[in-house]
Each structure stands twice: as C-alpha cells, then as structure tokens.
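Here the structure comes first, spelled out in structure tokens, and everything after it is commentary.
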Amino acid sequence: MSLEEVAFLVLAVVALITAVAALLVRELVHTILWIAVFFVDISAIYFLLQAPFLGVLQLGVYAGAVTVLLLFGVMLTRKRIFSREAATGVDAVPLALALVTFIFVVTSVGELPQSSQTIQSYDPTLLSQNLFGVNGPWLLLLGLLMMGAVAGSIYLVREGRE
Amino acid sequence: MTALPLVGFLALSSALFVVGLFGILTRRNFILVLIAIEIAMNAAILNFVYFGAFSSGTGGLTGQAVAVVLIGFAATEVAVGLAIVLALNRLKGTINVAQATDLKL
C-alpha cells in the first residue's frame with residue numbers, strides 16, 4: 001500500500017467515526033465538537049485529492065462558520081448548554097433503510113475498476129478562471145441565493161411576530 | 001503523482017450519506033437533524049470532487065467549481081435552518097421536530 005492509500009484509509013475511518021459519534025452522543029455541545037473534527041477531516045480529504053482551494057474553503061466555511069452558527073443555535077435555544085438530550089433509541093426501520101441504501105450503492109459501484117488511478121492536480125489559477133469564466137453564472141446565482149437567504153432569515157426571526 | 005482507488009472514495013461517501021440519512025430519520029432535535037443534513041451534503045459534495053479528480057481533461061476543474069458553489073449552498077441552508085430553529089423555539093418553546101406539527105391537516 002502506498003502512503004496516500006494509508007492516509008486515505010485513516011481519514012475515511014476518522015470521518016465515519018466522527019459522523020456516527022456526532023449523531024449518537026447525548027450532549028449537543030459534544031455533537032458540535034465531533035462535527036468540527038468531521039469537517040476538518042473532510043478538508044484533509046480535499047487536500048489528498050489535490051484540491052487545496054476546496055480544502056481551505058471547507059476549513060473556513062464549514063469548520064469555521066457553520067460550526068459557530070450551530071453553536072449559536074445551541075446557545076440560544078436552551079437554558080443550560082450542557083444539558084443532556086433525552087435518549088433516542090436506534091429505531092430498526094430507519095437503520096434497515098439506511099443499510100439497504102448503502103448495500104445498493106456499494107454493489108452498484110462494484111463494477112468500477114478497483115485499482116488505484118492517478119489524480120489530476122490543477123493550478124488554482126486555472127480553477128479561478130473556470131469559476132469566474134464558464135461557471136460565472138452559477139456564482140452570481142449563489143450570491144442571489146445568499147441575499148434571499150439573508151432576507152428570509154431576518155423575516156423568520158424578526159421581533160413582534162406571534 | 002498521487003494514485004488512489006476511486007471505489008474506496010465512493011464507498012466512503014455512500015457510507016457518510018447513509019449515516020446522514022439515518023440521522024435525519026431518527027433524531028428528534030432540530031439542530032441534530034440539521035447536522036445530519038450537513039453530513040449527507042458533505043458526502044454529496046465529495047462525489048463531485050472525486051469524479052472530477054479521476055477524470056481526464058478539465059473535468060476536475062468543473063468538479064471543483066461545482067463543489068465551491070455547493071459549499072456556498074450548504075452554508076446558506078444552515079443559516080436559514082437555524083433561523084427556522086430560532087423561530088420554532090420562540091413559538092413553541094422547544095426545538096423537538098416531533099412537536100412542529102402546525103402544518104399538519
């Protein structure tokens with residue numbers, strides 16, 4: 001096994017463990033700590049895939065902004081932030097549905113070549129030319145969507161609404 | 001040159017998506033449901049980057065550009081989701097999704 005394959009295996013196992021732990025621990029604050037580790041791990045996977053710009057974006061947007069937003073959500077909706085959730089058991093039906101979906105996807109990707117393939121790396125300059133050239137309209141659309149989201153969020157949480 | 005198996009990446013992202021799906025279906029706290037949606041969304045965004053990275057030509061650039069836009073979409077979605085959480089908390093005093101039944105007939 002090459003060094004990259006070992007790194008990928010470690011990152012994949014950490015991603016799975018942190019994702020499951022985030023959903024299963026009882027304290028919401030601990031959930032957010034786990035999810036922060038998950039986001040950093042996904043960012044490391046982007047670096048492994050030769051996409052450093054995406055890795056930095058993931059660190060800034062997810063590990064930074066989204067984590068803090070979720071922490072604010074926890075702080076604003078409970079009196080004592082370390083209070084525990086009521087235990088929710090692992091229901092059989094959603095678990096079975098999730099497992100069936102997983103098995104279906106894994107068996108359908110099994111026909112792809114199993115061997116390692118080389119990963120293309122690109123200069124970030126090329127990415128920015130692509131992003132602001134061919135895919136420019138999508139960025140504009142993203143900006144419009146964010147403006148709409150700001151207006152909608154302010155409307156939802158405004159004062160004097162019963 | 002980095003060489004990695006595509007199948008391993010696909011297995012990882014499908015496993016992460018399934019974890020997110022399970023969380024969406026079973027968790028009762030609205031914030032936990034949002035976190036589960038984020039896990040599933042991250043798994044989906046990873047797919048674009050893999051298929052781009054393993055394709056020839058400029059496919060990788062398109063994959064990364066789509067991923068950039070999708071990361072922005074996901075962050076926007078969290079912001080609106082948390083606004084809904086706060087509105088629900090003010091209206092009901094709880095953020096249990098089982099009690100958010102105002103739109104039921």
Being small (Gly, Ala, Ser), loosely packed, with under 15 Cβ neighbours inside 10 Å and either at pLDDT 80 or above or within 22 Å of the chain's Cα centre (by Cα) (or both), is that true of even one residue in segment A:69-89?
-> no
Scan segment B:1-60 residue by residue and report those that are of a type in the set (Gly, Ala, Ser), crowded, with 22+ Cβ neighbours inside 10 Å, at the interface with chain A (Cβ under 7 Å from one of its Cβ atoms) and more than 26 Å from B:Val85 (Cβ to Cβ).
-> B:Ala53, B:Gly60
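Out of the residues in segment A:109-134 meeting the condition of being at pLDDT below 85 and of a type in the set (A, V, I, L, M, F, W, C), tell me which one is surrounded by the most Cβ atoms within 10 Å (Cβ to Cβ). Step through it out loud before you land on a result.
Filtering segment A:109-134 down to residues at pLDDT below 85 leaves A:109-124.
Okay, now just the ones that are also of a type in the set (A, V, I, L, M, F, W, C), so A:109, A:112, A:119.
On the way: A:Val109: 15, A:Leu112: 13, A:Ile119: 20.
By that ranking, first place goes to A:Ile119.
Do the conditions hold for A:Ile32, that is, is it surrounded by fewer than 16 Cβ atoms within 10 Å (Cβ to Cβ), modelled with pLDDT of 85 or more, at the interface with another protein chain (Cβ under 10 Å from one of its Cβ atoms) and assigned to a helix (DSSP H, G or I)? Write out each step before concluding.
Numbers: surrounded by fewer than 16 Cβ atoms within 10 Å (Cβ to Cβ): no; modelled with pLDDT of 85 or more: yes; at the interface with another protein chain (Cβ under 10 Å from one of its Cβ atoms): yes; assigned to a helix (DSSP H, G or I): yes.
Against the criterion (surrounded by fewer than 16 Cβ atoms within 10 Å (Cβ to Cβ), modelled with pLDDT of 85 or more, at the interface with another protein chain (Cβ under 10 Å from one of its Cβ atoms) and assigned to a helix (DSSP H, G or I)), A:Ile32 does not qualify.
Give the residue, chosen from A:Phe47, A:Phe104, A:Phe53, that is surrounded by fewer than 16 Cβ atoms within 10 Å (Cβ to Cβ), of a type in the set (Phe, Trp, Tyr) and in a helix (DSSP H, G or I).
On the way: A:Phe47 fails: surrounded by fewer than 16 Cβ atoms within 10 Å (Cβ to Cβ); A:Phe53 fails: surrounded by fewer than 16 Cβ atoms within 10 Å (Cβ to Cβ).
Only one candidate passes the filter, namely A:Phe104.
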Does A:Ala65 satisfy the condition of being free of Cβ contacts under 8 Å to residues at least 60 places away in the same chain, farther than 23 Å from A:Val157 by Cα and among the small types (Gly, Ala, Ser)?
-> no
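Would you mind stating whether A:Leu23 is in a helix (DSSP H, G or I), under 21 Å from the mean Cα position of the chain (by Cα) and under 23 Å from B:Gly52 (Cβ atoms)?
Numbers: in a helix (DSSP H, G or I): yes; under 21 Å from the mean Cα position of the chain (by Cα): yes; under 23 Å from B:Gly52 (Cβ atoms): no.
When the stated conditions are applied, A:Leu23 does not pass them.
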Could you give me the residue pairs with C-beta distances under 8 Å whose first residue belongs to segment B:76-105 and is surrounded by 16 or more Cβ atoms within 10 Å (Cβ to Cβ) and modelled with pLDDT under 90, whose second residue is small (Gly, Ala, Ser) and not in a helix (DSSP H, G or I) wherever it lies, and which are 6+ apart or on separate chains?
-> B:Leu88/B:Ala100
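The values are calculated or read from the model by the stated rules, or taken from the named source; none is laboratory data. Fair warning: this is a prediction, and the values are worked out from it, not measured in the lab. So basically every Cβ, Gly included, is an ideal-geometry build from the backbone, and we count neighbours across all protein chains shown.
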